[in-house]
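Working notes for the structure below.
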Amino acid sequence: MDDTTDTQNLIRLLRTLRAVRAFLPDPVPEEVVHDLLEVARWTGSARNVQPWELVVVRSRESLDALAACDGYAGHLAGAQLGIVLVMSGENKNQETYDEGRLSERIMLAAAAHGVGASIGWFTGQGRADAKRLLGIPEHRLVRTAISLGFPDEEARRTRQSRTDARKPLSEIVHWERYGRGMTD
């Protein structure tokens, strides 16, 4: 494989990454989980602080309980695996950027293995409930959970027409100044 083909394959992976919220019952193999955790470990962060810890959840009971917490992580109920991001909470604004970066990297690593993923957030009381369920210390920040599993392709096909629509570049890209298109 030449560099052009490698680049095209990587770009295709980046362009086709979609949130998966419907999963098959097949477990995610340990070697895949290990790869995801290694990618997480090597994800960059501001000043290389690495302000995160990860709680890997496989227990059906725990996944269901987390899915019931306030917020937008109900898809954990159908997942075979969940990864809850535990941030240090020392610099919440900066950590928000790092948290998003980490989440996307985990999703991309999962996609490279054919595993689907979706980012979910705990809100309000859901954050405290998730901490309590997982035994996370009070001073840590918990808001993001990633559901993982092999995609239920039939369920994905029913949603695909909505998720594949994208605005043209001409509607979202400005050159040099806001409001200036390529032809201006």
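The values are calculated or read from the model by the stated rules, or taken from the named source; none is laboratory data. The shown structure was predicted, so the numbers you read here are calculated from the model rather than taken from an experiment. We place every Cβ from the backbone using ideal geometry, glycine too, and count neighbours over all the protein chains shown.
A few points about this structure:
- Residue match in segment 24-33 (condition: part of a loop (DSSP other than H, G, I, E, B), hydrophobic (A, V, I, L, M, F, W, C) and surrounded by 19 or more Cβ atoms within 10 Å (Cβ to Cβ)): yes
- Residue list for segment 70-101, restricted to those being farther than 22 Å from Pro25 by Cα and touching a Phe, Trp or Tyr at 6+ places or on another chain (Cβ under 6 Å): Gly71, Leu85, Met87
Residue-by-condition table, conditions (1) surrounded by fewer than 17 Cβ atoms within 10 Å (Cβ to Cβ); (2) touching a Pro at 6+ places or on another chain (Cβ under 8 Å); (3) not hydroxyl-bearing (Ser, Thr, Tyr):
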site	(1), (2), (3)
Asn9	yes, no, yes
Ala22	no, yes, yes
Leu63	no, no, yes
Glu99	no, no, yes
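- Pick from segment 138-157, criterion hydrophobic (A, V, I, L, M, F, W, C) and more than 12 Å from the chain's Cα centre (by Cα), ranking: surrounded by the fewest Cβ atoms within 10 Å (Cβ to Cβ): Ala155
- Cross-chain or 6+ apart pairs with Cβ under 9 Å, segment 5-16 first and under 13 Å from Ala111 (Cα atoms), then at pLDDT below 90 and surrounded by fewer than 10 Cβ atoms within 10 Å (Cβ to Cβ): Asn9/Met1
- Pairs, first within 11 Å of Gly149 (Cα to Cα) in segment 19-38, second part of a loop (DSSP other than H, G, I, E, B) and of a type in the set (Val, Ile, Thr), C-beta under 7 Å, six or more apart: Val28/Val115; Val32/Val115
- Of all residues in segment 105-137, those satisfying the criterion of being touching a residue at least 60 places away in the same chain (Cβ under 8 Å) and under 13 Å from the mean Cα position of the chain (by Cα) are Arg105, Ile106, Met107, Leu108, Ala109, Ala110, Ala111, Val115, Gly116, Ala117, Ser118, Ile119.
- Residue within segment 72-81 that is under 14 Å from Leu37 (Cα atoms) and part of a strand (DSSP E or B) present: yes
- Residue match in segment 164-182 (condition: closer than 14 Å to Arg18 by Cα, assigned to a loop (DSSP other than H, G, I, E, B), under 13 Å from the mean Cα position of the chain (by Cα) and not hydroxyl-bearing (Ser, Thr, Tyr)): no
- Within segment 72-84, residues that are free of Cβ contacts under 8 Å to residues at least 24 places away in the same chain have Cβ atoms under 6 Å from residues that are surrounded by fewer than 20 Cβ atoms within 10 Å (Cβ to Cβ) in these pairs: Ala77/Asp64; Ala77/Ala67, counting only partners at least 6 apart in sequence or on another chain.
- Total residues in segment 39-71, condition of a type in the set (A, V, I, L, M) and either free of Cβ contacts under 8 Å to residues at least 24 places away in the same chain or in contact with a strand residue (DSSP E or B) (Cβ under 8 Å, 6 or more places away or on another chain) (or both): 9
- Within segment 82-96, the set of residues being outside any loop (DSSP other than H, G, I, E, B) and at pLDDT 95 or above comprises Gly82, Ile83, Val84, Leu85, Val86, Met87.
- Inside segment 27-72, residues that are among the polar types (S, T, N, Q) and on the phi > 0 side of the Ramachandran plot make up a count of 2.
- Evaluated against (1) over 25 Å from Pro151 (Cβ atoms); (2) among the acidic types (Asp, Glu); (3) in a helix (DSSP H, G or I), Glu61 falls short on exactly one condition, (1).
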